[in-house]
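The values are calculated or read from the model by the stated rules, or taken from the named source; none is laboratory data. Nothing here was measured: the structure is a model prediction, and the numbers come from that model. Ideal geometry is used to build each Cβ from the backbone, glycine not excepted, and the neighbour counts take in all protein chains shown.
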Amino acid sequence: MINLFYSDEYWGHSQTMNGPKKVVNNLLESLKQENIQYSINVEKFKYNFLVHYDYSGHKKHSQLELENCVIGPQIWFFDDHVKFLIKHLNYFKFIITPSQWVKDLSISKFGFPENKIKIWPVGIKTSLLNRNIKHDCLVYFKRRSNEELDKVVRFLESKNLTYNVISYGNYSESDLEILASQSRFCFLLNGTESQGIAVQEIMGIGTPMFVWDLSNWNDQGSEWSVPATSIPYWSDQCGEKFYHESEMNKTFEKFYAKIGEYDPRNFVEDNLSYKASVNKLLDIFLC
């Protein structure tokens, strides 16, 4: 039913799981689970889905039936080939972005019409591990400063809480899953996330989240700055968040007092499951 187009070269033959690779992996698993037929790099069915868009994606795109073609979520808006899409809106059905703030970026900074952008998060598989608490905290550290990490460590030590730190790019999937299942909560110290798959995997284990959130994406300088977040998919079920160091202690007291009441796993199952993701993708093709 869906023709998927992607290339392993997009993630550089990485031996470890990364974001682009995870999107494809979870997409395939979710389509299989929901019994949706698909082909890979062959135009066999009605709907064309270019998961990546770069030089090779642009080349493939020019050869496809365009009426039912969607592109994304792995699209780098600064790529010269994306300019072709902006000039030829009739050459695709929709651009897919993984979250609302990335959609807003595509509209406000790159000029895509709102009606050509759809939001679709890839599905998240919830863990089968039982929670077996051995540590107070798992610190998930990604694209933040060492100074901020030092402040988090000092804060946890001042509370006499045990902790482990996992740094992005230096752990295995099993490391993350096991430590998250063994930790009473996760202190999330990460940069802005377009979707935040690893974060949602931690949530899918049932680990409450204490988040030092960000409010802007500044990766390409102030000219391109837009409102953003470290947790694009979130509700009060998941935990608590704060933006400034001065708010940390007060927010933590609130969080720790009700730590048993949070249910991030339920949030993931309701909003980000394989089934929910596939249904959303099919809705986009049927619009």
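Note on segment 204-224: residues that are at negative phi and either at pLDDT 95 or above or crowded, with 17+ Cβ neighbours inside 10 Å (or both) amount to 13. Output the residues belonging to segment 188-222 that are over 18 Å from Glu173 (Cα atoms), out of contact with any helix residue (DSSP H, G or I) (no Cβ under 8 Å at 6 or more places or on another chain) and either of a type in the set (Gly, Ala, Ser) or assigned by TED's automatic domain parsing to the domain that holds Val24 (or both). Within segment 188-222, Gly191, Ser215, Gly221, Ser222 meet the criteria. If the condition is being among the charged types (D, E, K, R) and in contact with a helix residue (DSSP H, G or I) (Cβ under 8 Å, 6 or more places away or on another chain), then segment 223-246 contributes Glu240, Lys241, Glu245. Exactly one residue out of Glu261, Glu240, Glu247, Glu253 is acidic (Asp, Glu) and surrounded by 14 or more Cβ atoms within 10 Å (Cβ to Cβ): that is Glu240. Take Ile107 and decide whether it is within 20 Å of the chain's Cα centre (by Cα), under 25 Å from Ala276 (Cα atoms), at pLDDT 95 or above and among the aliphatic types (A, V, I, L, M). Answer is no for this residue. Exactly one residue among His52, His58 is crowded, with 16+ Cβ neighbours inside 10 Å and either touching a residue at least 40 places away in the same chain (Cβ under 8 Å) or within 30 Å of Asn170 (Cα to Cα) (or both), and that residue is His52.
Would you call Phe141 surrounded by 15 or more Cβ atoms within 10 Å (Cβ to Cβ) and outside any loop (DSSP other than H, G, I, E, B)? Against the criterion (surrounded by 15 or more Cβ atoms within 10 Å (Cβ to Cβ) and outside any loop (DSSP other than H, G, I, E, B)), Phe141 qualifies.
Gly260: within 22 Å of Leu128 (Cβ to Cβ) and either touching a residue at least 12 places away in the same chain (Cβ under 8 Å) or among the acidic types (Asp, Glu) (or both), yes or no? Considered against the rule, which asks whether it is within 22 Å of Leu128 (Cβ to Cβ) and either touching a residue at least 12 places away in the same chain (Cβ under 8 Å) or among the acidic types (Asp, Glu) (or both), Gly260 comes out as no.
Taking segment 152-193 as the range and being surrounded by fewer than 14 Cβ atoms within 10 Å (Cβ to Cβ), modelled with pLDDT under 95 and not in a helix (DSSP H, G or I) as the test, the residues that pass are Gly169, Asn170, Ser172.
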